[in-house]
Amino acid sequence: VQLQASGGGLVQAGASLRLSCAASGCTFSTYVMGWFRQAPGKEREFVAAISRGGGSTNYADSVKGRFTISRDNAKNAVYLQMNSLKPEDTAVYYCAATWAVAVVVSDSRYDYWGQGTQVTVSS
């Protein structure tokens with residue numbers, strides 16, 4: 001399984017970004033997909049996850065109401081729409097895939113990881 005995240009960049013506070021993660025080498029629809037992030041000097045943290053069919057999602061409290069995770073199984077892709085960005089959202093964002101049935105939030109439950117894409121939000 002290969003995951004390729006893209007869409008990061010440098011934006012001002014209040015702006016929006018859409019991250020994409022393209023999957024290959026797998027039957028994409030059989031994986032729960034998640035987004036995590038890691039800021040400098042901090043541990044990696046859960047951001048959002050989505051079920052295999054897209055009908056169930058889970059978000060970190062810090063991004064609820066601002067971020068939306070979605071997926072397109074026909075395109076083998078998962079997305080993270082980020083609105084009303086804040087400086088504290090600055091981090092490297094990673095997409096990940098898990099065989100778990102549930103929409104899990106622990107990074108230890110994820111089996112495959114992408115390389116990350118940098119998001120920087122200036123104040």
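The values are calculated or read from the model by the stated rules, or taken from the named source; none is laboratory data. From a predicted model like this one, the values you see are computed outputs, not experimental measurements. Positions of Cβ are backbone-derived with ideal geometry, glycine not excepted, and every protein chain shown enters the neighbour counts. With ligands, DNA and RNA removed, areas are computed over all heavy atoms of the protein, side chains included. Shrake-Rupley method; radii C 1.70, N 1.55, O 1.52, S 1.80 Å.
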Taking a crude spin-label model, label points 7 Å out from Cα along the C-beta direction, the L10 to K42 distance in nm is 2.0 nm
Check the cysteines of the chain one by one and keep only those with no other cysteine Cβ under 4.7 Å from their own. C26
Rounded to the angstrom and largest first, Cα extents along the principal axes for the chain equal 40, 25, 25
Just from the alpha-carbon atoms, what are the Rg and Dmax of the range 1-61 in angstroms? 13.4, 37
What does the convex hull of the Cα atoms come to per residue for the range 33-72, in Å³? 72 Å³
DSSP-loop trypsin sites (Lys or Arg not before Pro) across the range 1-98, with at most 11 other Cβ within 10 angstrom: K42, K64
Based on Cα positions only, what radius of gyration and what Dmax would you give for the range 54-93, in angstroms? 11.4, 34
What dipole magnitude, in Debye to the nearest 20, does the range 23-103 give about its Cα centre under +1 on Lys/Arg Cβ and -1 on Asp/Glu Cβ? 120 debye
I'd like to know which of S122, G65, V103 lies farthest towards the positive end of the charge dipole of the chain, counting +1 on Cβ of Lys and Arg and -1 on Cβ of Asp and Glu. G65
Solvent-accessible area, 1.4 Å probe, carbon plus sulfur percent, for the chain: 46 percent
Quick check for you: with a 1.4 Å probe and neighbouring chains kept, what is the accessible area per residue of the chain, in Å²? 48 Å²
For S123, what accessible area in Å² do you get when you roll a 1.4 Å probe over the heavy atoms of the protein chains, rounding to the nearest 10? 130 Å²
Sum of side-chain charges, D89 neighbourhood, beta-carbon under 15 Å (Lys, Arg +1; Asp, Glu -1): +4
Percent relative contact order for the chain, counting Cα pairs under 8 Å at least six residues apart, stands at 36 percent
Report relative contact order for the range 28-70 in percent, whole number only (criteria: Cα-Cα under 8 Å, sequence separation at least 6). 32 percent
Taking the full set of protein chains and a 1.4 angstrom probe, give the accessible area of D107 in square angstrom, rounded to the nearest 10. 50 Å²
Taking the range 63-115, how much of its Cα-Cα pair set, in percent, is spaced more than 17 angstrom apart? 49 percent
Taking the range 79-123, which chymotrypsin sites (Phe, Trp or Tyr not before Pro) meet the DSSP loop condition and have no more than 14 other C-beta atoms within 10 Å? W99
